[in-house]
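Data block below; observations after.
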Amino acid sequence: MEVTGKIAIITGAGTGIGKQTTLAFLKAGYCVVLAGRREEPLRQTVLEAHVDDAKTRIVPTDVSHQDSVRNLFAETEKHFGRLDVLFNNAGFGAPGVLLEDLPLEKWQDVVNTNLTGTFLCTQEAFKLMKRQTPMGGRIINNGSVSAHVPRPNSAPYTATKHAIT
């Protein structure tokens with residue numbers, strides 16, 4: 001498939017900021033690869049965009065798993081041939097509990113998605129952007145005001161968002 005427009009990957013594209021960013025990129029003429037853990041919200045975002053199917057690609061992705069991220073970038077390259085923008089947006093918080101009551105596995109879930117997921121996607125974007133012609137692109141890491149003005153009982157989210165801002 002020959003694509004003449006710019007190509008973007010948006011993680012967490014099914015809801016919230018990711019969904020709104022997807023709609024804005026599509027409106028601006030980009031082709032968008034929508035990534036997220038749940039396929040149905042991604043499909044709803046595409047339906048809401050009212051764009052030609054050729055402008056979008058849905059790739060269910062768990063950014064905390066390297067194989068899933070590698071698949072996302074392989075599908076993007078296979079379908080569109082390049083990547084111009086990566087918007088790292090996927091993320092979530094842990095239950096709002098006191099730090100001393102937070103189970104380690106909940107902390108690790110947030111870190112694996114919000115921080116490691118950003119790393120894995122950025123790493124794959126670098127690889128693709130280096131080998132494409134023309135070389136290069138843009139990577140946007142979506143942080144949070146919580147990195148600077150944390151909410152009570154939000155240590156995992158605050159720590160990961162501070163790390164990427």
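Could you check how much of the accessible area of the chain is carbon and sulfur, as a whole percent, using a 1.4 Å probe? Before the final figure, lay out the partial values.
On the way: 4760 of 8840 Å².
Percent of accessible area from carbon and sulfur atoms in the chain: 54.
Might you tell me the accessible area per residue for the chain, computed with a 1.4 Å probe and given in Å²?
Working: 8840 Å² over 165 residues.
I get 54 Å² per residue for the chain.
In deg cm²/dmol and to the nearest 500, what is the mean residue ellipticity at 222 nm of the chain if only DSSP H runs of at least 4 residues count, each as -39500 (n - 2.57), divided by the residue total?
Taken over the chain, the calculation gives -13000 deg cm²/dmol.
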### Message
Cross-link candidates for K19: which lysines have Cα within less than 16 Å, leaving aside residues fewer than 8 places away along the same chain?
### Response
K27, K55
## Note on the structure
Its Cα gyration tensor gives the chain an equivalent ellipsoid whose semi-axes in whole Å, largest first, are 29, 16, 14
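For the chain, what is the charge dipole size about the Cα centre, in debye to the nearest 20, if Lys and Arg each add +1 at the Cβ and Asp and Glu each add -1 at the Cβ?
500 debye
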### Query
Gap in Å between the Cα centre of the range 119-134 and the Cα centre of the range 80-101?
19 Å
### Where the Cα pairs of the range 73-156 fall when distances are cut into 5 Å bins, in %
3, 13, 20, 18, 14, 10, 9, 8, 4, 1, 0
### Query
For D53 and R131 in one chain, what is 0.36 nm times their gap in residues minus the Cα-Cα distance, to one decimal in nm?
25.4 nm
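The values are calculated or read from the model by the stated rules, or taken from the named source; none is laboratory data. Keep in mind it's a predicted model, so treat the numbers as computed, not measured. Ideal geometry is used to build each Cβ from the backbone, glycine not excepted, and the neighbour counts take in all protein chains shown. SASA here: full protein model, heavy atoms, side chains in, ligands and nucleic acids out. Shrake-Rupley method; radii C 1.70, N 1.55, O 1.52, S 1.80 Å.
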